[in-house]
Every structure is written in structure tokens, then in C-alpha cells.
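The values are calculated or read from the model by the stated rules, or taken from the named source; none is laboratory data. Worth saying up front: this structure is predicted, and the values here are computed from it rather than measured. Here the Cβ positions follow ideal geometry from the backbone for every residue, glycine too, while neighbour counts run over all protein chains shown.
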Amino acid sequence: MKPAAESAVRKNQLIPLHITGMTAEGNGVGHFCGLAVFVPLTAVGDELTVRVVKVQRNLAYGIIEEILTPSPDRVTPDCPVFQKCGGCVFRHMTYEAECRIKSQLVTDAFARIGHLTPKETLPIFGAETLTGCRNKAQYPCGESGGKPCFGFYAPRSHRLIPVNDCLLQPPVFGEILRRCEAALASPEFSRITPYDEQSGRGVLRHLYLRRGYHSGEIMVCFVTAADRQPVRGLLRKLGELLMQGIPEIRSVMLNVNEKQTNVILGRRTECLCGTERIADTLCGVPVSLSPQSFYQVNTAQAERLFAEAKRLANPQPHELLLDLYCGAGAIGLSMADAVGKVIGVEVVPQAIEDAKQNAARAGIGNAEFYTGDAGEIAARFAADGSHPDCIVLDPPRKGCDTVTLDACLQMAPARIVMISCNPATAARDAAYLCGNGYSPDVLRPADFFPRTGHVECVVLMSREK
């Protein structure tokens, strides 16, 4: 027997719906006959007629049939491929509304998942620039109308949506794409064919671009499915043409990825022309970037959030700071001038090598870096009796494991500052720490990626006396 709620709503049924909330995926939420109904491309306050497309036990999914009364938050999307490429989910509403939603997502996660009420929740760090804010892009190569093109995959698929001028990327990236497409369509470069995942034929898998936010230096990296000498020569020639036409391009690299995988970069990378790295600065610390270097994608917002993390950490000249999941060392190095010593830990060897070089370039002599799993090394530090005064955690989306958290508890720092790109795992990990002697003092959401569904946060926890 079907549940009563399920039998009350049927597939293809038209229902009235008032949107009262939003998800991180950009779906509006309303309620009808006891079911939560999720509808994309809606905004809080919309009065709609919705066509139900899927019914489950306690929820349903629908699409807009008619907007009866639009939300005051609605705006006309400013991107021609919005709804197609799937990169943005909030372009149909004002940025103010988006920030309200993202702030609520963070506070709801801490309340619902962590059962935590921080002593202070600060306003969200909204992005100061909504366009051209990303310093990195990876464009799959394919075909459209029989000609080579670049773009992004449609949501939950590998169907290529041709895109040149993505509003999230610097305009110069669009110029590079157009020049590459024109070259690949010419007889001279016809041997550089787009890679086809189904057949395994073709050469060029991705065009990977990086740009220094402060320096303006650009790296172009061709990712190919095979290393063939004639194609290598043609890519070098194409790279030289790009450097002649766009002076900001300082590096042209070749990366070979021969595996059948969704991972973009392979293990082998070499310089075709120009320099092997490009330069930039982050929080005043000089950085040197290769294709594999870990680097915050929105430099401006990263600098604002790291400055806030430093303020919350309140580092003192006599203190030891432990930076776990340190990447290329940006957070710890940005605080090195205020503490006695910084120790950074990261599992990726290349990132640790970058961190050491970044420290050397900045003339920072009070920082040490270790390669290894954050939990294992933190546990070793704890067993050795290390007692950092402050620990900074910047874990991946999956959050921290219990080995890491238990080691932090054993080292018993006065303050723990957690930066996270996933409010759900941040709330879970903060709850673990706060259930074992820490209190949630300050929570602050931050928007690194405007118009997308991503939101970051930073939380300060202090050891209870």
C-alpha cells in the first residue's frame, strides 16, 4: 500500500506551489499535501503552477509550468548558457538573495547537523566582484557543427556545451579559446583532433588555463590523450602563436593523460615554450604555480577569508601554529609574521615542495612543512607531546577524519580555526570538537564562487577552561 502522501500527488499532476526555501543546488522548495516539492530555477516568494515529474515517499520533484507571481528576488539571467552548462545555479535571482541563501545554508548546517549555536555569527563575506573572479579553468575539447570547440559538460553528463565567454572566468580566457578554436579548424593544425571518450580516438582532451590574479601572468596547458611527436610540434607552434598574440601568456605546457578516467591531469607534464611556472602573490606571499599546484581559485576572496581566519586565530609572537591540510602553505605563511613558529602538514608532495619554495621566496624562516596524512602526522605530534597554541584546519570537502580530530584534542590548543568548503562536514567536525571540550565562538560564511551553489565558512573554537 502506498503512503497517503504519495498517493495524493501523481506524476504529471499540475499543482500550485509557494516557494519558501532553497537548496545548495539552486532548487526552490515548497510543500504540497505534506510533500516537500523541489523545483529548479525558482526563488523564494515565487507563486507557481508546477508540473510534478517525480514522486518519492516523502518528497517530489517538479518543473515550472507557469509563474503566477514572481519573487521580488527574480532577475533576468545574464548568461546565454545558464540552465545548460550547470556551472551556475543562482543567476535568476539577485546577488543579495543569493548571499542570504548561502548564509542560511551555513547556519542551518551548524544548527541541524552540528546542533551548535555559535556565540557570534558574523555576516557573510559576499564577493566584491561577480564576474571574471576565477583564476583557473579546465575546458573539455569536443566538436560542434563539425568544428573543434571548447566548453563545459552539461549537468550529470559528458555532453559538451560550447562556451567561450563564461562570466566566471577572466575575459582573456575567452580570447584564448577563440584563438585555439580558429587554429584547430585550420588545415595547418588539423592533426590536433578533439578527444572522444567513447571511441578513445583523438588527441586533445582539455585546455587548462591558469592566471595570476595580481601578476596577470597566464599559463596555457594542453592536456592530450597521447604523446605523439608531430602533434607535440604542432602544439608548440600553437603555443608560440598564442604567446605572440596575448603577451600575458608566459607559459605553455603539455600534460599527457593516457588513462580512461575523469581525472583531468596525467602524471607527465613538460614545458613547450615560455617558463615552466607563472608567478603570483597570495596574502602578500609570493607563489609560483605549475599546472599541478594547489591554489585558491578565487584569490581576492581567499585573501579576505584568510585575513579573517588570522584575526580569529589571534596569533601571538611566542606561539606555535599548526596548519593541517596546508596545501601550498598560504594560510600558515600569511600568519608567520605574527607567531613564533608555523608547522604545515599536507599529503600532496608537490604542494609541500611549493610551500617550502613559497616560504623561501618570502624570506620566511620560521615555517616547517611535512608531507603526509594530516591525521597520522598530527597523531605523531600528539604522541610526542607537542602542544601548539593554535591549530588551523582547512580540510577537503569530506572534512576531517576522527584520527585528526582526536589528535587535535590530545594536543589541546587554546584555539582551533576551521576553514571549510563544505558547511555540512564543517558542522559535523565542529560538533565533535565541541563535544570534547571546545566551544563554538565565531562562525562566518564566505562566498568564494558567486552564482554557483558553493559556500565556504570559517569557525573559531576555543578550549573551555
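So that you can scan it fast, the table gives a plain yes or no per residue for (1) in contact with a Leu (Cβ under 8 Å, 6 or more places away or on another chain); (2) in contact (Cβ under 8 Å) with a residue 24 or more places away in the chain; (3) among the acidic types (D, E):
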| position | (1), (2), (3) |
| --- | --- |
| C283 | yes, yes, no |
| P286 | no, yes, no |
| L289 | no, yes, no |
| A300 | no, yes, no |
| E303 | yes, no, yes |
| L312 | yes, yes, no |
| Q316 | no, yes, no |
| L324 | yes, yes, no |
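For the stretch 204-245, a residue qualifies if it is hydrophobic (A, V, I, L, M, F, W, C) and under 17 Å from A279 (Cα atoms), and the qualifying residues are L209, I218, M219, V220, C221, M243.
I'd like the residue in the stretch 409-422 that is without any contact (Cβ under 8 Å) to a residue 60 or more places away in the chain and more than 19 Å from E303 (Cα to Cα) and, out of all such residues, is surrounded by the most Cβ atoms within 10 Å (Cβ to Cβ). Checking each candidate, the answer is I416. Is there a residue in the stretch 263-272 that is within 22 Å of F152 (Cα to Cα) and at pLDDT 95 or above? Scanning the stretch 263-272, I find no residue that is within 22 Å of F152 (Cα to Cα) and at pLDDT 95 or above, so the answer is no.
To keep it simple, each residue is scored yes or no on (1) outside any strand (DSSP E or B); (2) crowded, with 16+ Cβ neighbours inside 10 Å.
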site: G30; (1), (2): no, yes
site: V39; (1), (2): no, yes
site: V44; (1), (2): yes, yes
site: T49; (1), (2): no, no
site: G62; (1), (2): no, yes
site: E66; (1), (2): no, no
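Hey, among the residues in the stretch 114-150 that are part of a strand (DSSP E or B) and charged (D, E, K, R), which one's nearest to the chain's Cα centre (by Cα)?
K136
Name every residue in the stretch 107-135 that is touching an Asp or Glu at 6+ places or on another chain (Cβ under 8 Å) and of a type in the set (A, V, I, L, M), in order of residue number. Listed by number, the residues that qualify are I124, A127. What do you reckon, is L167 outside any loop (DSSP other than H, G, I, E, B) and either of a type in the set (A, V, I, L, M) or crowded, with 20+ Cβ neighbours inside 10 Å (or both)? So L167 fails the test. Restricting attention to the stretch 427-465, and to residues there that are part of a strand (DSSP E or B) and among the basic types (K, R), which single residue is farthest from the chain's Cα centre (by Cα)? Restricting to residues being part of a strand (DSSP E or B) and among the basic types (K, R), the top hit is R463. The C-beta contact set for the stretch 182-194 (first residue assigned by TED's automatic domain parsing to the domain that holds V231, second residue in a loop (DSSP other than H, G, I, E, B), distance under 6 angstrom, 6+ apart or interchain) comprises L184/I192; I192/V203; T193/G202; T193/V203; P194/G202.
If only residues of the stretch 358-382 that are within 22 Å of A338 (Cβ to Cβ) and polar (S, T, N, Q) are counted, the one that is modelled with the lowest pLDDT is N358. Among the residues examined, G26 does not qualify as under 30 Å from P123 (Cβ atoms), surrounded by fewer than 19 Cβ atoms within 10 Å (Cβ to Cβ), among the small types (G, A, S) and not assigned by TED's automatic domain parsing to the domain that holds V442.
If we scan the stretch 73-84, do we find a residue that is over 30 Å from D165 (Cβ atoms) and either out of contact with any strand residue (DSSP E or B) (no Cβ under 6 Å at 6 or more places or on another chain) or crowded, with 21+ Cβ neighbours inside 10 Å (or both)? No, because not a single residue in the stretch 73-84 is over 30 Å from D165 (Cβ atoms) and either out of contact with any strand residue (DSSP E or B) (no Cβ under 6 Å at 6 or more places or on another chain) or crowded, with 21+ Cβ neighbours inside 10 Å (or both).
Listed conditions (1) more than 25 Å from S288 (Cα to Cα); (2) in contact with a Ser or Thr (Cβ under 9 Å, 6 or more places away or on another chain) are all met by L254, apart from (1).
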